[in-house]
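Below is one structure, written out as structure tokens; comments come after it.
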Amino acid sequence: MPSDPQRPPAPPVASAPAPSRLSASANPADGSPLASCASLGLPEPTRTVAATCLPPAPVHAYIALGSNLGDRASHLRFALDALAATPGLRLLRVSSFHETAPVGGPPGQGPYLNAAALLETTLSPRQLLERLLATELLAGRTRSIPNAPRTLDLDLLLYADLAISEPDLQVPHPRMWQRSFVVGPLSECC
């Protein structure tokens, strides 16, 4: 299959987070942050806007990807392909795939495969969220109980330097800095 200049090559699978600019590598028990926007060289959110606000020019957005059912790597690659094919989205960077233990949810879940990606987009935060949810659905995601096993989980982490606080969308993602399975892959995309 010919390579797509819009899509980075498939990332390798890592069993542990790659070295990064993080000062901590594990999820702290006290809930203190593992990193921050500043520690990763990202802009701090400075403006609060509605999720329907369209950017005046392409902006950078970061997403987290995860899967712990079926062929996990295939689910992540499916999501990356679907996003790369979306008008108004361009994949700029993708982290390696990290295998991690499940956090929360019902006992007995299998391990997750997690990644992060940097996107350039002209979609509003709301439009991007809708595309992420539609991609999860196409991958067979069903929502039963919180933190249940899933074929695909896509989260909008950061959108430019904007803050969004709506019932179904909070940006920056409210728990991202306490989750090593998010911060590790994210640090590879910065």
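Observations on the model:
- Candidate set: region 96-123, residues that are outside any strand (DSSP E or B) and in contact with a strand residue (DSSP E or B) (Cβ under 9 Å, 6 or more places away or on another chain); chosen: the one surrounded by the fewest Cβ atoms within 10 Å (Cβ to Cβ): 101
- The lone exception for residue 79 - which of (1) assigned to a helix (DSSP H, G or I); (2) more than 30 Å from residue 109 (Cβ to Cβ) it fails: (2)
- Restricting attention to region 42-62, the residues being within 17 Å of the chain's Cα centre (by Cα) and of a type in the set (Lys, Arg) number 0.
- For residue 142, the test of being without any contact (Cβ under 8 Å) to a residue 40 or more places away in the chain and either assigned to a helix (DSSP H, G or I) or exposed (fewer than 15 other Cβ atoms within 10 Å of the Cβ) (or both) is passed.
- Unique match (being surrounded by fewer than 16 Cβ atoms within 10 Å (Cβ to Cβ), under 18 Å from the mean Cα position of the chain (by Cα) and modelled with pLDDT under 50) among 24, 10, 16: 16
- Some residue of region 79-91 being within 17 Å of residue 183 (Cα to Cα) and either at pLDDT 80 or above or touching a strand residue (DSSP E or B) at 6+ places or on another chain (Cβ under 7 Å) (or both): no
- Unmet requirement for residue 184, which otherwise passes all of (1) outside any strand (DSSP E or B); (2) more than 12 Å from the chain's Cα centre (by Cα); (3) closer than 18 Å to residue 41 by Cβ; (4) not aliphatic (A, V, I, L, M): (2)
- Boolean, residue 64 is of a type outside the set (S, T, N, Q), touching a Lys or Arg at 6+ places or on another chain (Cβ under 6 Å), closer than 24 Å to residue 171 by Cβ and buried (at least 16 other Cβ atoms within 10 Å of the Cβ): no
- Flag if residue 69 is modelled with pLDDT of 80 or more and farther than 17 Å from residue 156 by Cα: yes
- Residue 185 crowded, with 22+ Cβ neighbours inside 10 Å, at negative phi and at pLDDT below 95: yes
The values are calculated or read from the model by the stated rules, or taken from the named source; none is laboratory data. Computed from a prediction, not measured in an experiment: that's the story for all the values here. Note that we place each Cβ from the backbone using ideal geometry, even for glycine, and neighbour counts take in every protein chain shown.
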